[in-house]
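The values are calculated or read from the model by the stated rules, or taken from the named source; none is laboratory data. If you're wondering where the values come from, they're calculated on a predicted model, not measured in any experiment. Reconstructed Cβ throughout: ideal geometry from the backbone, glycine too, with neighbour counts over all protein chains shown.
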Amino acid sequence: MKDAASVFISYSRKDIAFVDRLQAALEARGINAAVDREAIAKGEEWWARIRQLIEEADTIVFVLSPDSVASAVCQDEVDYAETLNKRFVPVVARDVAGLDVPAQLSKLNYIHFIEMPAVGARGDFDTAADELGNTISTDIGWIREHTRIGVLANRWIARERNVALLLRGGELQAAESWIASQPAKAPPPTAAHQALIGESRKAAARRQRNWLAGALAAVLVASSLAVWSEINRRIAVAERNRVERVLERTTEATKQLVLDIANRYAPRRGIPRDMIVAILNQARKLVAELESVGENRPTLLLNGGLALAELSAAMRAQGEDQAALETAEATVAVFRKLRAVAPADPGWQSGLVVGLDRLGDIRFDLGQHEAARSAYDEGLEIAHSLPASGARSRQIAAALENVGHSNEAAGRLDEAKANYETALATWQALPDDDVERLRAIAATLERIGDVAAKTGNSEAALAAYRDSLARTETLAASDPDNTDWQQDLGTAHQKLGDLLLKTGDGAGALAQYEAHLKIAMRLHTSDTAWRPWRRALMIAGERLGNAAYTLGQTQRALTAFEAALAHARTLAGTATATGGGLDDLSRLMRSTTLAAASLNGNGDAARRAQAAVDDFRQTASASGAEDIAGYEAPLLSDAAWFQLLNGEFELALASSREAAALAPDAVLYQSNLAHALMFTGEVDAARAIYLAHLDAETIGGMNWQAYITSDFDALRAAGYDHALMAEIVAVFR
């Protein structure tokens, strides 16, 4: 639950049974609940981990009982959380009347999980859990930002206030808006929050002065290079004409510099990082020359604004997110300056709409959805104010799509549908039939299909996807060398295939995935070094494998998964410290093992699963990635399961213990550990695990009893039985 509210539960070990039930109840209500279950001696490493859990939690739920209020450890947890201005919610598990409750908690309202007639508490667990869930969710957007910015502030302070960790651009604006909108009952920002935001604003002001003083011509050169490189290989005729018009407005000296550098890098896609630095150094000299002859005039600002917009798009395509964001913000700043000089000038108004479009896109990519929505809304408002023309209609349609995309991401599907349908009608009403309009109609139909699919209207979704596909096929056929249109066509096949598979038409889905795979292969072959096309090929192969497996074509599925896995290994080999492509690698390793089990039996699957664990660890280590437990634990669990089915019980015990250690709070991984303990003679330990998780949810909505019973059936089918299995099934009944 990536976007869920998160809590840390502080409790006494003697209340663990209550805490287990409470954690399950919170997670069933969409709340991530962290619980420390370590039984090791308390030390610095343990306390550091507790501090981290508290720092990352939006709310601290304190389980009140005679033991917890007397616990020095619980008091330490409360004291540390108070230094971070965390929100506390005390819940009563056992009566604490007359006891010395920590001062930070005694002044708050309690939620009673026990019967307390004096306060109207009936002792109904589910009613109390509902009240707790509602309390945690109150003002959760603001609280979550309190947590997130607090983590950033503490990291900044811990690293000696490193300027590289200051907030920038849209993130800084969002933080300033957050601190100014504190709800009445929310915990206040800490001194660390305020220091980080204050220093970030000062740094932003310094960067803005430096940027406006010297970088305008520099980014003009850099953006010209980016789009000229795109002209050579990627972009459409209409885009090429627009970019060339921008280039024609630059000075001859700038154009010559662009051509000289672009010719050196014509075979490359976009701008290498080291090349950007070289360009900026050269362009700074040009800035001085332009200023010396009086070139700092509105026309130059207009050219610079347009160039900045192109540069932000180029940086976004290269994955330079922060640089793209700052450049888009500079684009908007330039056009705001021009607009202030002549508010009625439609050209400058139109340029601001373009800048806001770019800024919204980049904010959206960075997960700053509300900030993106703000940019999109402003762009739409300005577009509506422009004089009536075909260009105005195009900008309105594009802005409506952006707002719709923002609504869709926020779950406001009815609003998104209305936005998309209005955008489609606007595009369709335009009299001209150029490729930009045709492509926009196809894309808008696809988005209408997305919303219909999400709302369960499969018939409408299929109609929209098929219409989009037909239009995209026509467009792609008109210029087979246009890679953007080919990408559009591949996506259209994929979307239609996904829906067909979901609605039970496996054969239809397989045909769409095959078409997607062919397109992805052609694109990848044209530029094997371009990561996005390799990943598209990986995803296309994975989807084909899933469809083939669903249809019982196991060999075909295995072949597709193995090909996709090869690409995943290449992509994960350059993973970053945040994980990179390791999630894809882990997922495809599991799919390949499952297909191998169906085709070749448990022995082959067990060998593949163990090899996958070793391979994954080697790749992750070489890439320098950190925090990989979430990807590694499922691989170990798979290895344990197939080792069990293959009778390798000691190996299964080792694998399951590792999986459980990596994810101690994941109930699912306890099942294989219990099985392995049972077959290696540790029957009491196995029985304890089987009986510890009654009614817990494991995966796909299946509860613990059903899951374990299913496992027992599979183990018996593989030829392995144990007296404890019958005993446990009898208890479950």
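Restricting to the stretch 406-418, count the residues that are surrounded by fewer than 17 Cβ atoms within 10 Å (Cβ to Cβ), in a helix (DSSP H, G or I) and small (Gly, Ala, Ser).
So the answer is 2.
Could you give me the residue pairs with C-beta distances under 9 Å whose first residue belongs to the stretch 120-136 and is farther than 16 Å from THR59 by Cβ and in the same structural domain as ASP20 (by TED's automatic domain parsing), whose second residue is among the small types (Gly, Ala, Ser) and part of a helix (DSSP H, G or I) wherever it lies, and which are 6+ apart or on separate chains?
So the pair list comes out as ALA121/ALA128; ARG122/ALA128; PHE125/ALA25; ASP126/ALA25.
Collect the residues in the stretch 1-15 that are modelled with pLDDT of 90 or more and among the aliphatic types (A, V, I, L, M), keeping them in residue-number order.
VAL7, ILE9
Consider GLU381 carefully, then state whether it is closer than 29 Å to GLU171 by Cα, modelled with pLDDT of 90 or more and part of a helix (DSSP H, G or I).
yes
Tell me which of these LEU694 doesn't satisfy, since it passes every other one: (1) of a type outside the set (D, E, K, R); (2) within 37 Å of the chain's Cα centre (by Cα); (3) surrounded by 16 or more Cβ atoms within 10 Å (Cβ to Cβ); (4) assigned to a loop (DSSP other than H, G, I, E, B).
Of the numbered conditions (1) of a type outside the set (D, E, K, R); (2) within 37 Å of the chain's Cα centre (by Cα); (3) surrounded by 16 or more Cβ atoms within 10 Å (Cβ to Cβ); (4) assigned to a loop (DSSP other than H, G, I, E, B), the odd one out for LEU694 is (3).
May I ask you to verify whether ASP36 is under 22 Å from the mean Cα position of the chain (by Cα) and at pLDDT below 90?
no
Can you name the condition, by its number, that ASP79 falls short on among (1) within 23 Å of PRO189 (Cβ to Cβ); (2) surrounded by 14 or more Cβ atoms within 10 Å (Cβ to Cβ); (3) in contact with a helix residue (DSSP H, G or I) (Cβ under 9 Å, 6 or more places away or on another chain); (4) at pLDDT 80 or above?
That leaves (2) as the condition not met.
With the requirement that a residue be under 24 Å from GLU55 (Cβ atoms) and among the charged types (D, E, K, R), what does the stretch 83-102 give you?
Residues satisfying the conditions are LYS86, ARG87.
Out of all the residues in the stretch 302-313, is one or more among the acidic types (Asp, Glu) and at pLDDT 75 or above?
no
Yes or no: GLN618 modelled with pLDDT of 95 or more and not hydroxyl-bearing (Ser, Thr, Tyr)?
When the stated conditions are applied, GLN618 does not pass them.
Which ones in the stretch 103-147 are in contact with a Phe, Trp or Tyr (Cβ under 8 Å, 6 or more places away or on another chain) and in a loop (DSSP other than H, G, I, E, B)?
Within the stretch 103-147, LEU108, PHE113, GLY123 meet the criteria.
Every residue, every condition in (1) in a helix (DSSP H, G or I); (2) surrounded by fewer than 20 Cβ atoms within 10 Å (Cβ to Cβ), yes or no:
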site	(1), (2)
TYR420	yes, no
PRO431	no, yes
ARG437	yes, yes
GLY449	yes, no
ALA452	yes, no
ALA460	yes, yes
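Tell me, which residue of the stretch 480-528 that is free of Cβ contacts under 8 Å to residues at least 24 places away in the same chain and not in a helix (DSSP H, G or I) is nearest to the chain's Cα centre (by Cα)?
Only one residue fits best here, namely THR528.
Going through the stretch 649-665 one residue at a time, which ones are buried (at least 19 other Cβ atoms within 10 Å of the Cβ) and either in contact (Cβ under 8 Å) with a residue 40 or more places away in the chain or β-branched (Val, Ile, Thr) (or both)?
Once the filter is applied, which keeps residues that are buried (at least 19 other Cβ atoms within 10 Å of the Cβ) and either in contact (Cβ under 8 Å) with a residue 40 or more places away in the chain or β-branched (Val, Ile, Thr) (or both), the stretch 649-665 yields only SER655.
Has the stretch 90-100 got any residue that is at pLDDT below 85 and either surrounded by 15 or more Cβ atoms within 10 Å (Cβ to Cβ) or farther than 24 Å from ILE149 by Cα (or both)?
Yes, some residue in the stretch 90-100 is at pLDDT below 85 and either surrounded by 15 or more Cβ atoms within 10 Å (Cβ to Cβ) or farther than 24 Å from ILE149 by Cα (or both).
If only one of ALA674, ALA686 is of a type in the set (A, V, I, L, M), farther than 16 Å from ALA28 by Cβ, buried (at least 21 other Cβ atoms within 10 Å of the Cβ) and over 35 Å from the mean Cα position of the chain (by Cα), which one is it?
Every option except ALA686 fails the conditions.
Within the group LEU594, LEU635, LEU585, LEU599, which residue is modelled with pLDDT of 90 or more and surrounded by fewer than 17 Cβ atoms within 10 Å (Cβ to Cβ)?
LEU599
Output yes when any residue across the stretch 48-66 is closer than 25 Å to ILE157 by Cβ, out of contact with any Cys (no Cβ under 9 Å at 6 or more places or on another chain) and part of a strand (DSSP E or B), and no when none is.
For the stretch 48-66, residues closer than 25 Å to ILE157 by Cβ, out of contact with any Cys (no Cβ under 9 Å at 6 or more places or on another chain) and part of a strand (DSSP E or B): present.
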